[in-house]
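A.B. asks: Sharing a structure, written as structure tokens. Questions coming.
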Amino acid sequence: MMQILPLDIPGAFHVLPEPFTDARGSFSRLTCRQSFARHGIGTDWVQTNASFTRERGTVRGLHYQTGAAAEDKLVCCLEGAVFDVLVDLRRHSPTFGQWRAVELSAERRDSVFLPAGLAHGFQALRDGTLLHYSHSQAFAPDRQGGLHHADPDLSIPWPLPVRNLSERDAQLPNLASLAECPT
């Protein structure tokens, strides 16, 4: 009922549902404790959120939480499409400072799983994009961190011109000047 494909950042996965389709439409599994466990993915989600983005080109992120609030995330696209970016901020990881992107879309209802220690951000590729997030930790405002979307050391090639960046995201530091990494 789903494919769980490892990304080349350790512990990160692209989750592709395999929908059952008939004349009425389709039905697909978005999470499965057994399937996830086979890949070392925990499913003890303590908070879920929705992110609606009005305009294509909008960038949100790159966000993470630190210390005891560092969290696993499962991000699923329910409407529209996104260029979804993960950045490895685990200093002990062989891919520290590297990023990967996955295009998520409503048509596929696919997800990306990020283990604690990765920053996450995305660019909406269509107007009216809706993402669903599952989190292993509750949001802790005093433990939030971020990384600038245009960090020259990362050189992320956002597919559209960047627009609608929040004031907070515009002020985020580059990787080289991060005071604290998530884990």
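The values are calculated or read from the model by the stated rules, or taken from the named source; none is laboratory data. Keep in mind that what you see is a predicted model, and the values were worked out from it rather than measured. Virtual Cβ from ideal backbone geometry, glycine too; neighbours counted across all protein chains shown. The protein model used for the area step is the full one, side chains on, heavy atoms only, and it has no ligands, DNA or RNA in it. Shrake-Rupley method; radii C 1.70, N 1.55, O 1.52, S 1.80 Å.
A.B. asks: So which of Leu160, Leu131, Leu89, Leu154 ends up being within 26 Å of Met2 (Cα to Cα) and at pLDDT 95 or above?
C.D. replies: Exactly one residue qualifies, and that residue is Leu131.
A.B. asks: Mind checking whether some residue in region 31-52 is open to solvent by less than 40 Å² (accessible area, probe 1.4 Å), part of a strand (DSSP E or B) and touching a strand residue (DSSP E or B) at 6+ places or on another chain (Cβ under 7 Å)?
C.D. replies: So far as region 31-52 goes, yes, one or more of its residues are open to solvent by less than 40 Å² (accessible area, probe 1.4 Å), part of a strand (DSSP E or B) and touching a strand residue (DSSP E or B) at 6+ places or on another chain (Cβ under 7 Å).
A.B. asks: In region 2-23, what count of residues is obtained for those that are more than 17 Å from Gly42 (Cβ to Cβ) and at pLDDT below 90?
C.D. replies: Residues flagged as more than 17 Å from Gly42 (Cβ to Cβ) and at pLDDT below 90 within region 2-23 amount to 7.
A.B. asks: Only residues that are buried (at least 16 other Cβ atoms within 10 Å of the Cβ) and without any contact (Cβ under 8 Å) to a residue 40 or more places away in the chain: list them for region 151-166, please.
C.D. replies: Asp151
A.B. asks: Moving on. Does region 73-92 hold any residues that are in a strand (DSSP E or B), among the aliphatic types (A, V, I, L, M) and either buried (at least 19 other Cβ atoms within 10 Å of the Cβ) or touching a helix residue (DSSP H, G or I) at 6+ places or on another chain (Cβ under 9 Å) (or both), and which are they?
C.D. replies: Leu74, Val75, Ala81, Val82, Val85, Leu86, Val87
A.B. asks: Does at least one position in region 93-102 carry a residue that is in a strand (DSSP E or B) and open to solvent by 50 Å² or more (accessible area, probe 1.4 Å)?
C.D. replies: The answer is yes; a qualifying residue exists.
A.B. asks: A further question on this structure: Restricting to region 1-23, give me the number of residues that are polar (S, T, N, Q) and either touching a residue at least 12 places away in the same chain (Cβ under 8 Å) or open to solvent by less than 30 Å² (accessible area, probe 1.4 Å) (or both).
C.D. replies: Looking only at that region, the number is 1.
A.B. asks: Could you grab me the full set of residues in region 108-138 that are in a loop (DSSP other than H, G, I, E, B), open to solvent by 10 Å² or more (accessible area, probe 1.4 Å) and closer than 26 Å to Ser35 by Cα?
C.D. replies: Across region 108-138, the qualifying residues are Arg108, Arg109, Pro115, Ala116, Ser136, Gln137, Ala138.
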